[in-house]
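Novice: For reference, the structure I am asking about is given below.
The values are calculated or read from the model by the stated rules, or taken from the named source; none is laboratory data. It should be emphasised that the depicted structure is a prediction, and the values quoted were computed from it without experimental measurement. Positions of Cβ are generated from backbone atoms using ideal geometry, with glycine treated the same way; all protein chains shown enter the neighbour counts. Calculation scope for accessible area: heavy atoms of the full protein, side chains included, ligands and nucleic acids excluded. Shrake-Rupley method; radii C 1.70, N 1.55, O 1.52, S 1.80 Å.
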Amino acid sequence: MKRLAGWMLATPATLAIALLLVIPVAGTIGMTFGTPGQGDWGIVQPYADFFASNFRRRVLWRTFEVAGYVTVISLAAGLVTAYVVARCPAWTKSVLVVLAVFPLLTGVIVRSFAWLVLLGREGMVNQFLIWTGLIDGPLTMLYTPGAVIVAMVYIFVPLMVLVLVGVLENIPEDLLQASSSLGAGPVASFFQVTLPLAVPGLIVGAVLVFTASFTSYATPALLGGTRQMMMGTFLHQSAMVRFDWPGAAVVAAIMLAVILATVLVMTRLAKRLNPMAT
Amino acid sequence: MTLPLTIENITAHYGSTKVLEDLSLSLAEGELVSLLGASGCGKTTTLRLVAGFLQPTSGAIRLGSKDLTRLPAHQRDIGLVFQNYALFPHLTVRENVAFGLKQRKVASAERTKRADAMLDRVGLAHLADRLPAALSGGQKQRVALARALVIEPPLLMFDEPLSNLDAKLRVDMRVEIRQLQRANGTTALYVTHDQEEAFSISDRVAIMHQGRIMQLDTPETLYQRPANAFVANFVGFENIVPLSVTARNGAEVTARSDSGAELTLSQDQLGAIPDRFLLATRPDGLQVSTDPAAVGLPAELGLRTYLGRAYQYQAQAGGLSLVANGPLSQPLETGTAAKLVPNPEQCAILQPE
């Protein structure tokens, strides 16, 4: 009886997920398969076509590269920030966390636009550099992978800080006291106690930032342009500009596969490396 | 190696709250001194100051000739055993024990050798490769002890090390701690709220209250000759009777209570008796007697409880609520008039507040 009630309660949500998620995704993936017996690769011919194209391989690789840089830089910047924030007194800490999270309250597009203003030919960064005399003419910063990386780091660091502050706060104070009573200075304590205990949190943060930057669309669309296309912008172009729906479905399926693989591998790793679990 | 510890006129604040006031304490080489008191008495604060986790507002802390007062915690070279063990969860038992040696740049092979030897001493050699999560409370505390001892610190400190263990294990572990501390001859500061624990293993005990040391003495002296009403009460002198001397005859002193009852006490047994004083007794040291000739405090008996070796009575004597024991042979009813006779061997003379 209890079980039945449980199933019934779960039904609306299950139906919603089935209708709105499972069926469309299955449809999209279904669209990516070719006709059996046609071409060298049979039903996976569309995937073979994707990987046969130099241009598309470069888009995929660039996406990996950008997402990788963004993840690594966000991890480093987020860890340092979170370490400082987590060691502040309670009141200062809440103020700093609110400040760190503040940018999350504006949309991704607005925040990407800000970088458009900063990095353009007549933008503030170029004007400043010319004023200081470091350069003679404006640098091309927009529509480069660098611009996309800088903007994405700016967008995702708050997320990372939020995750890592939580993790660092959970490291018991007396472990750090034990470490210093045994002769470990602040640096040694950080690398031998804090960092190993923060690994699961670092992995969670890395997965969040990597998947979000791998699939991002707005930032590369605004700051990467059409020459520095990433998977997100390429997907949009395939579907909405070229109306190549099967091609777009293949892009979507590859993105999905990359993200699933990342999440699976990383959560496994996090579990293995979690010192708190037995 | 072992060094004496000197704490000189330490005052400490948490924010604007004063938690320690002008506290001084010296530990001789190899001595084990306990700080004993209820929570909030300043005992843990004192330990944290010596460890370097807190800074005193004024005063000095010295270990041997080294001034620790402004030295960062990691340079103080003190072995610390925590209440919650504070073992590193990501390191094996062996790595935990070797942690301090690693910070001292001891070579890897030597580290393992010394860590294993120390684990052997605490009887955990077979668990060296486990993670702390796989250990019982008693085992964790042994690892914590081994980790603190292996660096051969000149001073060991214990912060309520046994309070998370069950009663039987507590008794075993405190004996073990004392044996290891004796064998190494290390000076030790031991913080606890458990009187039996403090008295059983300490050379001297400091009873603390509201940021001050009320009395620092051997357990025997504290137990038999408390210096003031607070300590007397703390060690079980439940009855405190104010008295005034009315006559002196050599060592014999006659004293009168506020309600007019007269007692005769011997300075040979109790030490010097001032003109006004407090007589402190444990329930055991105040015997109920119905003999009309007995010399004692007249009282009306209240509730009787059975202790196994005696009956205990709540008694009213001239406006004082006292607790006294009576013989098993003669259970007395509520309302009985009796005398409460102090046994000089179980009394203490205190200065009035």
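Novice: Any chance the stretch B:80-100 includes a residue that's open to solvent by less than 10 Å² (accessible area, probe 1.4 Å) and either under 18 Å from the mean Cα position of the chain (by Cα) or not assigned by TED's automatic domain parsing to the domain that holds B:Arg174 (or both)?
Specialist: yes
Novice: Also: Exactly one of these conditions fails for B:Gly30: (1) within 14 Å of chain A (Cβ to nearest Cβ); (2) touching a residue at least 12 places away in the same chain (Cβ under 8 Å); (3) in a loop (DSSP other than H, G, I, E, B). Give me its number.
Specialist: Result: B:Gly30 fails condition (1) only.
Novice: Another question, if that's okay. When you go through A:Ser189, A:Ser238 one by one, which is the residue that is in contact with an Asp or Glu (Cβ under 8 Å, 6 or more places away or on another chain) and not charged (D, E, K, R)?
Specialist: It is A:Ser238.
Novice: Hey, can you tell me all the residues within the stretch A:228-242 that are part of a helix (DSSP H, G or I), touching a residue at least 60 places away in the same chain (Cβ under 8 Å) and open to solvent by 40 Å² or more (accessible area, probe 1.4 Å)?
Specialist: None; the set is empty.
Novice: Next question. Among what's in the stretch A:146-157 and is of a type outside the set (A, V, I, L, M) and under 12 Å from the mean Cα position of the chain (by Cα), pick the residue that is most open to solvent (accessible area, probe 1.4 Å).
Specialist: A:Tyr154
Novice: For A:Ala198, only one of the following conditions fails: (1) aliphatic (A, V, I, L, M); (2) closer than 27 Å to A:Leu222 by Cα; (3) buried (at least 19 other Cβ atoms within 10 Å of the Cβ). What is its number?
Specialist: Failing condition for A:Ala198: (2).
Novice: Sticking with this structure for a sec: List every residue pair whose Cβ atoms sit under 7 Å apart, with the two residues 6 or more apart in sequence or on different chains, where the first one lies in the stretch B:73-93 and is more than 7 Å from chain A (Cβ to nearest Cβ) and the second, anywhere, is basic (Lys, Arg).
Specialist: What qualifies is B:Tyr85/B:Lys140; B:Leu87/B:Lys140; B:Thr92/B:Arg130; B:Val93/B:Arg130.
Novice: Enumerate the helices (runs of 4 or more DSSP H) found wholly within the stretch A:124-227, keeping only those where 2 or more residues are more than 14 Å from chain B (Cβ to nearest Cβ).
Specialist: Those helices (runs of 4 or more DSSP H) span A:124-132, A:145-169, A:195-214.
Novice: Based on this model, can you work out whether A:Thr219 counts as at pLDDT below 95, out of contact with any strand residue (DSSP E or B) (no Cβ under 7 Å at 6 or more places or on another chain) and within 30 Å of A:Pro172 (Cα to Cα)?
Specialist: no
Novice: Turning to a different aspect of this structure: Among (1) part of a helix (DSSP H, G or I); (2) open to solvent by 40 Å² or more (accessible area, probe 1.4 Å), there is one condition A:Arg111 misses while meeting the rest; what is its number?
Specialist: (2)
Novice: If we keep just the residues of the stretch B:94-109 that are hydrophobic (A, V, I, L, M, F, W, C) and in contact (Cβ under 8 Å) with a residue 40 or more places away in the chain, which is nearest to the other protein chains (Cβ to nearest Cβ)?
Specialist: Checking each candidate, the answer is B:Phe99.
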